[in-house]
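Asker: Quick one: the structure is below, and I'll ask about it shortly.
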Amino acid sequence: MTEANLNALPAPGNDMGSLKDTAWLEASADAELGAGGVLANGFQKRGWMKTWPELETHSHYMQMRSLVLRGFDAILCESDLGVGYQAASGCGKNLVFERLFEPGDAVKAKLLELVEGEKLGPRVELTPERSAVIRSVLQEVLTAEDWAKIAQAAAQQVQQQVMDLCVA
């Protein structure tokens, strides 16, 4: 990263409003590409971005990440886990990140198709079609042991809530 590349970055606004400013987002993405890759707020690529060169900018990475995690949460919501939902979600999201670090070409291709052609900036809509693809990808990459860990996290949270009744 050269000083010239850093100076090419557009200055963000004073608030989060700049994240809704499509001109600012496009200029940031152009600056990232001109700098030779993802800047991610000055840090090297992290997580999936290290192994997914197809995610050219931090914005692309955030779109993909958001879409997958919202899809995962939608699956958990369908299961009606009640108080165990938060624990299952936290545990599961960590496992999703691990499995998608190097998921294989077929999984990568399925997920990249979900955001192909999407403009940078606004959140990619989680349509029923995208949800179905995400469900199939998660069924492919998460093992039976992973799902058991997610279930155990939810069960422990339910157990804790019940045990809190005898203390109250």
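The values are calculated or read from the model by the stated rules, or taken from the named source; none is laboratory data. Given the structure is predicted, the values throughout are model-derived calculations rather than measurements. When we count neighbours, we look across all protein chains shown, and the Cβ atoms used for this are built from the backbone with ideal geometry, even at glycine.
Asker: Might you let me know whether the stretch 129-137 holds any residue that is closer than 19 Å to Leu55 by Cα and in contact with a Gly (Cβ under 6 Å, 6 or more places away or on another chain)?
Answerer: Just the residues of the stretch 129-137 that are closer than 19 Å to Leu55 by Cα, to begin with: 130, 133-134, 137.
Still in the list and also in contact with a Gly (Cβ under 6 Å, 6 or more places away or on another chain): 134.
Taking every residue of the stretch 129-137 in turn, at least one turns out to be closer than 19 Å to Leu55 by Cα and in contact with a Gly (Cβ under 6 Å, 6 or more places away or on another chain).
Asker: Would you confirm whether any residue within the stretch 143-154 is closer than 19 Å to His58 by Cα and of a type in the set (Gly, Ala, Ser)? Step through it out loud before you land on a result.
Answerer: Pass one, the stretch 143-154, residues closer than 19 Å to His58 by Cα: none.
So far as the stretch 143-154 goes, no, none of its residues is closer than 19 Å to His58 by Cα and of a type in the set (Gly, Ala, Ser).
Asker: Oh, and also: Taking the stretch 123-148 only, how many residues are in a helix (DSSP H, G or I) and within 15 Å of Phe72 (Cα to Cα)?
Answerer: 16
Asker: Contact list please: Cβ distance under 6 Å, first residue in the stretch 88-105 and touching a residue at least 60 places away in the same chain (Cβ under 8 Å), second residue in a helix (DSSP H, G or I) and basic (Lys, Arg), pairs at least six apart or on different chains.
Answerer: Pairs that qualify, where the first residue is touching a residue at least 60 places away in the same chain (Cβ under 8 Å) and the partner is in a helix (DSSP H, G or I) and basic (Lys, Arg), are Cys91/Lys149.
Asker: What tally of residues in the stretch 65-81 results from selecting those that are outside any helix (DSSP H, G or I) and of a type in the set (A, V, I, L, M)?
Answerer: So the count comes out to 1.
Let's see how each residue does on (1) aliphatic (A, V, I, L, M); (2) modelled with pLDDT under 90; (3) touching a helix residue (DSSP H, G or I) at 6+ places or on another chain (Cβ under 9 Å); (4) not in a helix (DSSP H, G or I):
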| site | (1), (2), (3), (4) |
| --- | --- |
| Leu95 | yes, no, yes, no |
| Ala106 | yes, no, yes, no |
| Leu114 | yes, yes, yes, no |
| Gln157 | no, no, yes, no |
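Asker: Just the residues that are within 11 Å of Leu67 (Cβ to Cβ) and not β-branched (Val, Ile, Thr), please, taken from the stretch 127-149.
Answerer: The answer is Arg130, Ser131.
Asker: For the stretch 144-168, which positions are of a type in the set (Asp, Glu) and more than 15 Å from Asn94 (Cβ to Cβ)?
Answerer: Step one: of the stretch 144-168, the residues of a type in the set (Asp, Glu) are 145-146, 164.
Matches in the stretch 144-168: Asp164 only.
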